[in-house]
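A short reminder: the numbers here are calculations on the coordinates, not readings from a lab. Just so it is clear, the structure is predicted and the values come from calculations on it, not from any experiment. Counting neighbours? That spans all protein chains shown, and the Cβs are built from the backbone with ideal geometry, glycine included.
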Amino acid sequence: MTVQTVRALPVYLCILLAGCGGDKAPQAEKLPGAGGQAPLIDRVEPSSTAVQTGFNMQPDGQAAIAVFGKSIQSGSQVYWNDQALTTAGGGEWVAATVPAKLYEKPGTAAVTLHGPNGGATSNALEFTVYGKSGPAPRVMELYPGSTPKGKGFNVQPSGESALGVAGADFLPGVRLFFDGKEMKTVFGKASGLSAIIPAASLARAGAHQVWAVNPDGKESNKVAFQVGKE
């Protein structure tokens, strides 16, 4: 399991889509036509939310997503299933506003990018809308599952360690606990999350209990993280 860093983009989306603080939105890069070649997109940020929970909120009250790819032509438009979204940008990424009605119920949506003037359609990426309640989460495996006393792992710019957690039925807003203390947690998807583990939590050798709690209060099983002797 790869421990990923989730990037926050609300300020950039605001500037691109509508302008913030009186600034004008920058002009999208004008690229040469691709001769009908379908654009390729590689990720959507964010790629999930909980029912009726906005994300990257814009001045007009709408949520926004960023769609990343390569050589995106100016005038391309993001689609949410079969609905066109207000889109701006070009080059390596575009931003699009998402009306609240599109994430008012649980489910998945296909996000695609359509070239300008009826151009070719990209590959589809999935955006998931999770319910606010569900089965109790399950923790299946920790990455890593152990470390020597006082030794960090997946070290972050802050100097703290990042723990990957594989499991099932995680929901946005899930919290990870390490020996009863809540850790800074990043939801990835229903089957994975990551959490920041401070050095102080790795200072004692032995088994440390790790578990997750969803926003609805349902708690997972406990899995031991082993801290060995120096």
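Stretching the chain fully between Lys101 and Thr121 yields a gain of 4.8 nm (0.36 nm per residue, less the alpha carbon separation). The HN-Hα couplings worked out from phi for the range 152-158 by the Karplus form 6.51 cos²θ - 1.76 cosθ + 1.60 (θ = phi - 60°) are x, 8, 6, 5, 8, x, 6 Hz, whole numbers, x standing for Gly and Pro. Fully extending the segment from Glu141 to Lys218 would add 25.9 nm, taking 0.36 nm per residue of separation and subtracting the current Cα-Cα distance. Put simply, the amide H of Phe225, placed in the peptide plane, has neighbours under 5 Å in His208, Gln209, Val210, leaving out anything fewer than 5 places away on its chain.
On a 24 Å Cα-Cα criterion, which of the cross-link pairs Lys132/Lys184; Lys149/Lys189; Lys70/Lys132; Lys151/Lys218 come out too long? Don't skip to the end; give the middle numbers.
On the way: Lys132/Lys184 20 Å; Lys149/Lys189 30 Å; Lys70/Lys132 35 Å; Lys151/Lys218 32 Å.
Cα-Cα > 24 Å for Lys149/Lys189; Lys70/Lys132; Lys151/Lys218; rest within.
A simple spin-label model places pseudo-atoms 7 Å from Cα toward Cβ; at Gln226 and Ala199 they are separated by 2.5 nm. Across the range 178-188, rounded Karplus estimates of 3J(HN,Hα) from the backbone phi angles (6.51 cos²θ - 1.76 cosθ + 1.60, θ = phi - 60°) give 10, 6, x, 9, 6, 9, 5, 10, 10, 6, x Hz, Gly and Pro being marked x.
Under the simplified labelling scheme, the Ala168-Lys149 pair shows an inter-label distance of 3.8 nm, with each label point 7 Å from Cα along Cα→Cβ. Taking packing as the residue-averaged number of other Cβ atoms within 10 angstrom, the listed peptides 125-135, 184-194 run from highest to lowest as 184-194, 125-135. Each residue of the range 39-56 was assigned a 3J(HN,Hα) from its phi angle through the Karplus curve 6.51 cos²θ - 1.76 cosθ + 1.60 (θ = phi - 60°); the sequence is x, 10, 10, 10, 6, 10, 10, x, 10, 6, 7, 8, 3, 6, 10, x, 8, 6 Hz, with glycine and proline shown as x.
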